[in-house]
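The values are calculated or read from the model by the stated rules, or taken from the named source; none is laboratory data. Since we're looking at a predicted model, the values are computed, not measured. All Cβ positions, glycine included, derive from the backbone under ideal geometry; neighbour counts span all protein chains shown. Heavy atoms of the whole protein, side chains included, go into the accessibility calculation; ligands, DNA and RNA do not. Shrake-Rupley method; radii C 1.70, N 1.55, O 1.52, S 1.80 Å.
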Amino acid sequence: MLSPATTAKTLRALALSSALLLAAGGGLFAQTPQAPAQEQAPRQDGIALAPARFELEMEPGAETTVVVNLDYHTAKPNAQPSRILATLNDWNLTPRGELEFFKAGTQKGSASPWLIYSPGEVLVEPGKTHSIRVTVTVPKDAAPGDHLAALVVEQRPDTIKLNRNERQMLLRYRMAALFYVKVPRLVRDGALADLKASADEEGVVVTPTLKNAGNSVIRPTASITVTDASGKTVAQVPEGETLPVLANSELTQPVRLAQPLPPGEYSVSYRVSFQGHGKATEGVTTLVVAEKATTPAATSN
């Protein structure tokens with residue numbers, strides 16, 4: 001029987017690794033948090049999936065085949081093979097930028113019915129790369145725009161076994177390769193719909209709302225500059241890629257600048273480029289940092 005300490009370690013590993021989800025949606029990676037340094041091995045075990053994003057521009061009636069590779073890397077000499085199960089899901093991003101999965105074929109604009117993959121199950125051996133072939137066939141009457149699907153890969157629960165005679169740490173993996181199937185007559189129309197800023201003891205929170213009125217994804221780049229009343233820059237975020245803004249959707253993604261500001265009035269500038277798919281915009285809003293309320297000192301009679 002496993003010792004209490006080993007059982008606790010096993011449960012922690014399961015809690016972390018079962019949350020593992022790789023979703024490369026234009027800078028979107030939700031990954032398992034790292035364990036504390038003293039519990040990390042020199043090289044962590046894991047199964048990597050690549051590519052994690054496919055953008056396929058295809059005419060109605062066209063067909064293509066791509067390959068998703070699984071690489072099981074481990075430093076353990078006695079590591080055992082792992083049986084992996086693949087399934088199709090629909091997916092989307094919420095207005096707050098959170099990844100959602102749905103049953104295949106249930107969402108508007110789903111590409112799941114267009115995908116056939118093989119094998120559905122594979123025994124992944126340590127130190128080897130295994131491939132899943134995915135064939136995409138676009139119907140002749142497919143509507144223009146982006147159609148989304150996800151190939152989700154996870155470990156079969158029945159392959160997890162406890163060896164009662166030795167200590168062990170069990171890891172479970174769940175990953176996704178996201179598919180954007182793009183049917184021509186694509187339209188991308190980005191805009192900065194709103195901009196807000198607030199401050200607290202930990203810093204500044206800038207909350208832009210980006211809108212895409214087109215039928216295909218946009219990957220904007222943006223930067224933030226905060227200036228004081230004299231025009232001096234007091235906080236800044238250099239230009240970088242935001243989360244993608246999917247077709248016919250909005251994205252409201254707060255950005256925190258971990259830099260507390262003294263009381264006063266500030267100007268917050270948010271510059272966004274839609275990569276040629278919408279007018280480059282600079283939104284400006286005013287931020288007022290109020291003085292802290294003081295508590296009167298208690299008096300005694």
Which ranges mark the strands (runs of 3 or more DSSP E) fully within segment 113-202 that have 2 or more residues being modelled with pLDDT of 95 or more? 115-118, 129-137, 145-155, 174-183, 190-200
If I ask for residues that are closer than 15 Å to Gln236 by Cα and without any contact (Cβ under 8 Å) to a residue 60 or more places away in the chain, which ones from segment 267-285 would you list? Ser267, Ser269, Arg271, Glu282
Quick one: how many residues across segment 238-249 are in contact (Cβ under 8 Å) with a residue 24 or more places away in the chain and either surrounded by 16 or more Cβ atoms within 10 Å (Cβ to Cβ) or farther than 29 Å from Val187 by Cβ (or both)? 8
In segment 205-244, the residues that are among the hydrophobic types (A, V, I, L, M, F, W, C), under 23 Å from the mean Cα position of the chain (by Cα) and not in a loop (DSSP other than H, G, I, E, B): Val205, Val206, Leu210, Ile218, Ala222, Ile224, Val237
Just name the residue that is surrounded by the most Cβ atoms within 10 Å (Cβ to Cβ) out of those in segment 206-237 that are of a type in the set (Gly, Ala, Ser) and more than 18 Å from Glu55 (Cβ to Cβ). Ala222
Conditions (1) touching a helix residue (DSSP H, G or I) at 6+ places or on another chain (Cβ under 9 Å); (2) at pLDDT below 50; (3) assigned to a loop (DSSP other than H, G, I, E, B): number failed by Gln80: (2)
Go through (1) part of a loop (DSSP other than H, G, I, E, B); (2) open to solvent by less than 70 Å² (accessible area, probe 1.4 Å) and name the single condition Phe102 misses. (1)
The lone exception for Arg96 - which of (1) under 25 Å from Thr252 (Cα atoms); (2) open to solvent by less than 70 Å² (accessible area, probe 1.4 Å) it fails: (2)
State whether one or more residues within segment 267-275 are buried (at least 16 other Cβ atoms within 10 Å of the Cβ) and either part of a loop (DSSP other than H, G, I, E, B) or in contact with a helix residue (DSSP H, G or I) (Cβ under 9 Å, 6 or more places away or on another chain) (or both). yes
Out of all the residues in segment 64-84, which are surrounded by 13 or more Cβ atoms within 10 Å (Cβ to Cβ) and either of a type in the set (Val, Ile, Thr) or on the phi > 0 side of the Ramachandran plot (or both)? Thr64, Val66, Val68, Thr74, Ile84
